[in-house]
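Encoded as structure tokens, the structure appears first; notes follow it.
The values are calculated or read from the model by the stated rules, or taken from the named source; none is laboratory data. Just so it is clear, the structure is predicted and the values come from calculations on it, not from any experiment. Every residue, glycine as well, gets a Cβ built from its backbone with ideal geometry; the counts of neighbours run over all protein chains shown. With ligands, DNA and RNA removed, areas are computed over all heavy atoms of the protein, side chains included. Shrake-Rupley method; radii C 1.70, N 1.55, O 1.52, S 1.80 Å.
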Amino acid sequence: MTINFILNGEDVVVRCGAGIRLIDILRGQFGLLNAKAGCLTGQCGSCSVLFNGMVSPACLIPAFKIKNSEIITIEGFSQTIEYEEIMNGFINAHTGNCGYCEAGKVLCTEALLSYIGAPSKEEILKGFSGIKCRCTNSERLIKAVNIIADLRQKRLCGHAS
């Protein structure tokens with residue numbers, strides 16, 4: 001099967017079986033190794049990507065579903081100013097992300113702030129419910145997202161929320 005899609009802003013074409021998982025395509029055909037095949041059940045967040053703007057586990061997405069879609073991996077997202085804001089917020093809040101979950105936390109933050117400019121504590125916790133990692137401290141995560149939301153508001157509007 002031939003599948004066209006947008007990967008990190010570029011039109012790409014892959015040939016593969018319909019049941020091959022997106023995680024295997026990203027790692028095997030494109031060498032994008034920051035999405036990790038962790039639990040392979042969509043519960044840990046280590047394989048997170050933005051799939052048409054929504055955080056999704058790449059381990060659960062079969063190849064046929066990505067046809068004509070847009071996929072953004074952490075490698076692609078790391079080239080943006082939003083990535084820099086998110087990383088600065090994590091550093092300022094001392095979240096201490098490990099390599100296992102960092103991509104998922106970064107992409108969850110981006111997706112959350114794309115839809116809700118100043119999320120509540122409950123919205124933040126719900127937005128990160130798919131990230132399961134020992135390094136996650138809920139209070140620091142909430143603090144980080146609030147810092148990032150303020151940084152973004154300041155950049156976009158010239159003032160903090």
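How high is the relative contact order of the chain, given as a whole-number percent (alpha carbon pairs under 8 Å, six or more residues apart)? Each step should come with its number before you reach the end.
Numbers: 275 pairs, mean separation 36.5, N = 161.
RCO, the chain: 23 percent.
When Lys and Arg each count +1 and Asp and Glu each count -1, what net charge do the other residues less than 13 Å away from residue 140, Cβ to Cβ, add up to?
Working: positive: 105, 121, 143; negative: 139.
Summing Lys and Arg as +1 and Asp and Glu as -1 gives +2.
Calculated from DSSP H runs of 4 or more alone, at -39500 (n - 2.57) each and per residue, what is the 222 nm mean residue ellipticity of the chain, nearest 500? Don't jump to the answer; show the numbers that get you there.
Working: 5 runs with 57 residues, N = 161.
About -11000 deg cm²/dmol.
If you roll a 1.4 Å probe over the heavy atoms of the protein chains, what accessible area per residue do you get for the stretch 7-161, in Å²? Let's see the in-between values first.
Working: 7890 Å² over 155 residues.
On a per-residue basis, 51 Å².
What is the sum of charges, Lys and Arg at +1 and Asp and Glu at -1, for the other residues whose Cβ falls under 15 Å from the Cβ of residue 32? Spell out each step's value before the answer.
Numbers: positive: 21, 27, 36; negative: 10, 24, 70, 75, 102.
Here the count lands on -2.
Label residue 88 and residue 138 with points 7 Å out from Cα along Cα→Cβ: what is the distance between them in nm?
Each label point is offset 7 Å from its Cα along the Cβ direction, giving 2.9 nm.
Measure off 7 Å from each Cα along the Cα-to-Cβ vector at residue 4 and residue 54, then give the distance between these two points in nanometres to one decimal.
Placing both labels 7 Å along Cα→Cβ, they lie 2.4 nm apart.
Residue by residue, what Karplus-based ³J(HN,Hα) values in Hz, rounded to whole numbers, does the stretch 57-71 have, using 6.51, -1.76 and 1.60 with θ = phi - 60° and x for Gly and Pro?
Karplus values, whole Hz, x for Gly and Pro: x, 5, 6, 9, 9, x, 3, 4, 6, 8, 4, 6, 9, 10, 10.
If you add up the charges near residue 22, with Lys and Arg at +1 and Asp and Glu at -1, over every other residue whose beta carbon is less than 15 angstrom from its beta carbon, what do you get?
Numbers: positive: 15, 21, 27, 36, 65, 67; negative: 24, 70, 75.
Around residue 22, the charge tally is +3.
For the chain, what % of the accessible area comes from carbon and sulfur atoms, probe 1.4 Å? Please list the in-between numbers first.
Numbers: 4290 of 8190 Å².
Here carbon and sulfur together make up 52 percent of the probe-accessible area.
Nearest 20 debye, what's the magnitude of the dipole of the stretch 1-129 about its Cα centre given +1 on Lys and Arg Cβ and -1 on Asp and Glu Cβ?
On the way: 9 positive and 12 negative charges, 112 e Å.
Charge dipole, the stretch 1-129, about its Cα centre: 540 debye, nearest 20.
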